[in-house]
Amino acid sequence: MELELILEELERLGQDNDALATQRERKYLNITRDTGQFLAVLVKASAAKSVLEIGTSNGYSTLWLASALPDDGHVTTVEVSPQKIEEATSNFEKAKLGHQITIVKTDASSYLKQSDQRFDLVFLDADRSQYADVAQEIVALVRPGGLLICDNAVSHASELEAFMHAVAGTEEFTTALVPVGKGEFVACKRAPMPTNSD
Ligand SMILES: C[S@@+](CC[C@H](N)C(=O)[O-])C[C@H]1O[C@@H](n2cnc3c(N)ncnc32)[C@H](O)[C@@H]1O
C-alpha cells in the first residue's frame with residue numbers, strides 16, 4: 001500500500017479513536033502531520049542513517065522517520081504495549097518499510113540504561129515523567145553531531161522543563177524550541193573539532 005495512503009488512514013484512525021477512547025492506554029496519541037514532515041526534513045538534512053524512537057504507538061511517527069532514511073538506514077523504536085506493537089508491525093509491513101525498522105519490546109528506561117549504541121537522531125515521545133531521571137542515558141545515545149528531538153515541548157512544557165533544562169545546560173548541545181505541532185525541543189550535540197589532518 002502506498003505510504004501516503006497509510007499515513008492518511010492512520011491520521012483518520014488516530015482522530016476517531018482518540019476522540020472516543022476513555023483510557024489513555026487505548027489512545028494512539030500520534031504526532032501531528034506537520035511534526036512528521038519536520039522529522040523527515042531533520043532526518044534528510046542531517047543525513048541520519050540510524051534513528052532511535054522512544055514511544056512507537058501504532059507506528060505513525062516511525063513511518064515518517066523510516067521513509068526519510070536512505071535504503072541502508074534503520075529505525076529502532078521502543079514500545080511497551082503489546083497491542084500497539086502488533087498494530088505497528090502490521091503498519092510497517094503494509095508500508096513495505098518493515099525491513100528498515102526494529103521494534104524493541106521493553107520499558108524505555110530499561111532500554112536506555114542498558115543500550116550502548118549511538119544514534120544519529122533520537123526522537124522522544126513516550127513517558128515524559130521519566131526523561132529527567134534518565135537524561136544522562138538519553139544524551140549518551142546521541143552521537144557527537146547528532147540530533148535529539150522531544151515532542152510535546154510546548155503542549156506539556158512544565159512536565160519537560162527539568163529535562164530540557166538538563167540538556168540545554170550541558171554546553172554540549174545547541175538547542176531550539178520549535179513551534180511545530182505540539183512543540184518540538186531540538187538539540188544538536190557538539191561534534192568534535194576537526195584536526196589539521198582532517
Ligand atoms: C505519545 S505515544 C507515541 C506516539 C507515536 N510516537 C506516534 O506519533 O505515532 C506514547 C507511546 O509510548 C508508549 N510508552 C509509554 N511509556 C513507555 C515506556 N516507559 N516505555 C516504552 N513505551 C512507553 C505508550 O504505550 C505509547 O504507545
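Just a few scattered comments:
- Scanning the stretch 165-188 for residues that are β-branched (Val, Ile, Thr) and without any contact (Cβ under 8 Å) to a residue 40 or more places away in the chain gives Val167, Thr170, Thr174, Thr175.
- Within the stretch 121-145, the set of residues being buried (at least 22 other Cβ atoms within 10 Å of the Cβ) and out of contact with any helix residue (DSSP H, G or I) (no Cβ under 8 Å at 6 or more places or on another chain) comprises just one member, Val142.
- Per the conditions (1) free of Cβ contacts under 8 Å to residues at least 12 places away in the same chain; (2) of a type in the set (A, V, I, L, M, F, W, C); (3) assigned to a loop (DSSP other than H, G, I, E, B), the sole criterion not satisfied by Ala191 is (1).
- Residues located in the stretch 59-112, provided they are among the basic types (Lys, Arg) and within 11 Å of the ligand (Cβ to nearest atom): Lys84, Lys105
- Residue match in the stretch 14-21 (condition: more than 9 Å from the ligand (Cβ to nearest atom) and touching a Leu at 6+ places or on another chain (Cβ under 9 Å)): yes
- In the stretch 1-17, the residues that are free of Cβ contacts under 8 Å to residues at least 12 places away in the same chain and not in a loop (DSSP other than H, G, I, E, B): Glu4, Leu5, Glu8, Glu9, Arg12, Gln15, Asp16, Asn17
- In the stretch 33-49, of all residues being of a type in the set (Gly, Ala, Ser) and surrounded by fewer than 19 Cβ atoms within 10 Å (Cβ to Cβ), the one that is farthest from Arg143 (Cα to Cα) corresponds to Ala40.
- 2 or more residues at positive phi: qualifying strands (runs of 3 or more DSSP E) within the stretch 39-110: none
- Note on the stretch 26-38: residues that are near the ligand (Cβ under 9 Å from one of its atoms) and outside any loop (DSSP other than H, G, I, E, B) total 2.
Laboratory data are not the source of any read-out in this text; all were calculated from the coordinates shown. On a predicted model such as this, the values are computed, not experimentally measured, just so you know. Cβ: placed from backbone, ideal geometry, glycine included. Neighbour counts: every protein chain shown.
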